[in-house]
Amino acid sequence: MKNIPNNKINDVTVIKSEKHSNFTISLRSDGILQFDIYDDIEFSYADAVELIDILETFGEGKKCKNLYIIGKHCSAKMEAIQYFSSDASLPFTAADALVIQSLAQRLLGNFLVKLIRSKWPIRLFTEKEKAEEWLLSIKEE
């Protein structure tokens with residue numbers, strides 16, 4: 001885990017950021033937690049547990065609006081999908097926006113959306129700007 005100095009993402013200041021084995025997480029000044037998932041990653045159950053643990057720590061135990069920028073050729077094993085959609089994420093997730101790049105990711109994302117539908121808002125996007133707009137429109141609990 002490597003801290004990255006403050007910088008900007010699309011005119012939004014990055015308050016803090018860390019690199020991990022499969023992604024970089026950034027806390028932004030607009031309150032969004034951004035996960036940049038690296039290319040060619042297949043999330044395992046262990047990866048999912050790590051991501052949710054980091055979500056809890058980075059968000060300081062609060063519900064966060066999460067922006068997942070999914071890298072090219074990324075997928076997740078069924079155990080990871082089940083963990084992502086479990087109550088493990090519920091205390092730390094106000095909403096999830098997933099920016100996808102392929103038909104395969106859309107199919108996998110739609111499956112995840114159906115699993116999570118009743119627990120918290122989640123949507124798929126092909127454009128980061130639209131995902132950010134949607135997250136910022138979500139009312140805080």
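In region 25-41, which residues are within 15 Å of the chain's Cα centre (by Cα), without any contact (Cβ under 8 Å) to a residue 40 or more places away in the chain and either crowded, with 17+ Cβ neighbours inside 10 Å or over 19 Å from Thr93 (Cα atoms) (or both)?
Ile25, Ser26, Leu27, Arg28, Leu33, Gln34, Phe35, Asp36, Ile37, Tyr38, Asp39, Ile41
When you go through (1) aliphatic (A, V, I, L, M); (2) farther than 16 Å from Phe35 by Cβ; (3) in contact (Cβ under 8 Å) with a residue 40 or more places away in the chain one by one for Leu115, which number turns out not to apply?
(3) is the only condition that Leu115 fails.
Can you tell which of Ile81, Ile70 is at pLDDT below 90, of a type in the set (Val, Ile, Thr) and buried (at least 16 other Cβ atoms within 10 Å of the Cβ)?
Ile81
Residue by residue, here is whether (1) more than 18 Å from Phe43 (Cβ to Cβ); (2) in a helix (DSSP H, G or I) holds:
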{"residue": "Ile54", "(1), (2)": "no, yes"}
{"residue": "Thr57", "(1), (2)": "yes, yes"}
{"residue": "Gly61", "(1), (2)": "yes, no"}
{"residue": "Lys65", "(1), (2)": "yes, no"}
{"residue": "Lys72", "(1), (2)": "no, no"}
{"residue": "Gln82", "(1), (2)": "no, yes"}
{"residue": "Ser86", "(1), (2)": "no, no"}
{"residue": "Phe111", "(1), (2)": "no, yes"}
{"residue": "Arg123", "(1), (2)": "yes, no"}
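So is Arg123 in contact with a helix residue (DSSP H, G or I) (Cβ under 7 Å, 6 or more places away or on another chain) and either loosely packed, with under 14 Cβ neighbours inside 10 Å or among the basic types (Lys, Arg) (or both) or not?
Against the criterion (in contact with a helix residue (DSSP H, G or I) (Cβ under 7 Å, 6 or more places away or on another chain) and either loosely packed, with under 14 Cβ neighbours inside 10 Å or among the basic types (Lys, Arg) (or both)), Arg123 qualifies.
Looking at region 125-140 only, could you name the residues that are touching a residue at least 40 places away in the same chain (Cβ under 8 Å) and not in a helix (DSSP H, G or I)?
Across region 125-140, the qualifying residues are Ile138, Glu140.
Residue by residue through region 89-109, note down the ones that are surrounded by fewer than 17 Cβ atoms within 10 Å (Cβ to Cβ) and either at positive phi or not in a helix (DSSP H, G or I) (or both).
Gln101, Ser102
I want to confirm something. Restricting to region 1-24 and keeping residues that are assigned to a loop (DSSP other than H, G, I, E, B) and exposed (fewer than 13 other Cβ atoms within 10 Å of the Cβ), which single residue is modelled with the highest pLDDT?
Ser21
The values are calculated or read from the model by the stated rules, or taken from the named source; none is laboratory data. Because the structure is predicted, anything quoted here is derived from the model rather than measured. Methodologically, a virtual Cβ is constructed for each residue, glycine included, from the backbone with ideal geometry; neighbour enumeration extends over all protein chains shown.
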